[in-house]
Amino acid sequence: MTADLISRARAGDGDAFRALTEPHRRELHVHCYRMLGSVQDAEDALQDTLVAAWRGLPRFAGQASIRTWLYRIATNTCLNAMRTTRRRPAKAWDIPGVEPPEPSRLGQVPWLGAFPDSLLQGASDLPVGPEALYEQTESISLAFVAALQVLPPRQLAVLVLRDVLGFPASEVAEMLDTTASSVSSSLKRARAGLDARQAQLRARTSPVAGTADEEAIVARFVAAYEAADVPALVELFTDDVFLSMPPMHLEYEGRELVERFFELLLVSSRCYTLVATRANGAPAFGAYVLAADGVRRATGLFVVTVAGGRISAMSRFETVDFSWFGLPLALPTLRDPRCLPG
């Protein structure tokens, strides 16, 4: 069947090419996201991968599987894309009338974005090679993807291909046009780069969706945020709660500092609305605030990490990726005498 499809696709049959590549489309999108840290950049890389595969199919020798061949193209496409994505500057603080507290540090990955759970279906439960070290749910968490972005590009590619997907060293070497010993050396350095972050990575990975802990904390979080009740919100945080907000590079760690941030951000006289979704295997929310014209406008996307009945991490993203989550940029007008337009 595969040989017949390849033969027909080489002859220009687009339907045959789609039949070859479509079963791998979602997992390739996730792979590109792990490497690039942005759902839109991953989509662009995926499209470039498919175009390159279509053009390169006459040269496909059949020594590797179609899946491995596609991963080779996708990985090298992402490595090329990193030359652009990693030069993106952080965004300056732009909330008028609000001066943020001094951050704990400045983040290194302003291009990081969230990935919708709806796009993980059929991609996160695929069998991986026996040498893979990470669970698929852990390797799509925001903390893990952010940690990957700090690695040098080739080390990142090797770690994902070996430790996340479980490709043999010989296949990875062929994908990257290098030697197995070079792959082993890069993997050793990449693992060392992640070792110092392991405790944080584990703490900032949400449990399986739908657990009682998660559902309870999510309900309390929504109630506190929509009421602009900062004390109730702070009660939900772990002592070492972590807050980031790409593409702004401000990062806050610790309950006291995060509390100060939300005291400035949340104003009790305004009306807030959270619309639930999921991202990176964790609870997420499109946040809206009532504007002067009576329309509730999008202000950001929150992704929260639940651990042990508390929120251990929060990331706030811009509204640019709302369409990927099926979220509108505005909600219908809300007329409530308790609310003042913000």
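Values as computed for the structure displayed
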quantity: Residue list for the range 234-249, filter: more than 24 Å from Leu327 (Cα to Cα) and surrounded by 17 or more Cβ atoms within 10 Å (Cβ to Cβ); calculated: Val234, Leu236, Phe237, Thr238, Val241, Phe242, His249
quantity: Residues (surrounded by 19 or more Cβ atoms within 10 Å (Cβ to Cβ), in a helix (DSSP H, G or I) and of a type outside the set (A, V, I, L, M, F, W, C)) located in the range 129-152; calculated: Ser139, Gln149
quantity: Residue in the range 121-132 that is farther than 25 Å from Met175 by Cβ and at pLDDT below 95 present; calculated: yes
quantity: Qualifying residue in the range 262-270 (condition: more than 20 Å from Lys91 (Cα to Cα), of a type in the set (A, V, I, L, M) and touching a helix residue (DSSP H, G or I) at 6+ places or on another chain (Cβ under 9 Å)); calculated: yes
quantity: Flag if Leu236 is at negative phi and more than 24 Å from the chain's Cα centre (by Cα); calculated: no
quantity: Test for Leu161: is it within 18 Å of the chain's Cα centre (by Cα), assigned to a loop (DSSP other than H, G, I, E, B) and buried (at least 19 other Cβ atoms within 10 Å of the Cβ); calculated: no
quantity: Matching residues in the range 251-281 - criterion: being modelled with pLDDT of 95 or more and of a type in the set (A, V, I, L, M); calculated: Leu257, Val258, Leu274, Val275, Ala276, Ala279
quantity: Residue count for the range 60-89, restricted to those that are farther than 22 Å from Phe167 by Cα and surrounded by fewer than 17 Cβ atoms within 10 Å (Cβ to Cβ); calculated: 6
quantity: Residues that are charged (D, E, K, R) and surrounded by fewer than 19 Cβ atoms within 10 Å (Cβ to Cβ), drawn from the range 104-128; calculated: Arg105, Asp125
quantity: Pairs with Cβ under 9 Å, 6+ apart, first in the range 50-62 and at pLDDT 95 or above, second surrounded by 12 or more Cβ atoms within 10 Å (Cβ to Cβ) and of a type in the set (D, E, K, R); calculated: Leu50/Arg25
quantity: Breaking point among (1) surrounded by fewer than 22 Cβ atoms within 10 Å (Cβ to Cβ); (2) over 28 Å from Gly122 (Cα atoms); (3) touching a helix residue (DSSP H, G or I) at 6+ places or on another chain (Cβ under 7 Å), for Tyr252; calculated: (1)
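One line per residue, one yes/no per condition, for (1) at pLDDT 95 or above; (2) farther than 24 Å from Asp94 by Cα; (3) surrounded by 15 or more Cβ atoms within 10 Å (Cβ to Cβ):
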position	(1), (2), (3)
Leu301	yes, no, yes
Gly308	no, yes, no
Ser312	no, yes, yes
Gly326	yes, yes, no
Pro332	no, yes, no
Asp336	no, yes, no
Leu340	no, no, no
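Table: residues versus (1) touching a Gly at 6+ places or on another chain (Cβ under 9 Å); (2) within 18 Å of Val230 (Cα to Cα); (3) not in a loop (DSSP other than H, G, I, E, B).
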{"position": "Leu243", "(1), (2), (3)": "no, yes, yes"}
{"position": "Leu250", "(1), (2), (3)": "yes, no, yes"}
{"position": "Arg260", "(1), (2), (3)": "no, yes, yes"}
{"position": "Thr273", "(1), (2), (3)": "yes, yes, yes"}
{"position": "Ala284", "(1), (2), (3)": "no, no, yes"}
{"position": "Gly294", "(1), (2), (3)": "no, no, no"}
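The values are calculated or read from the model by the stated rules, or taken from the named source; none is laboratory data. Given the structure is predicted, the values throughout are model-derived calculations rather than measurements. All Cβ positions, even for glycine, are placed from backbone atoms using ideal geometry, and neighbour counts span all protein chains on display.
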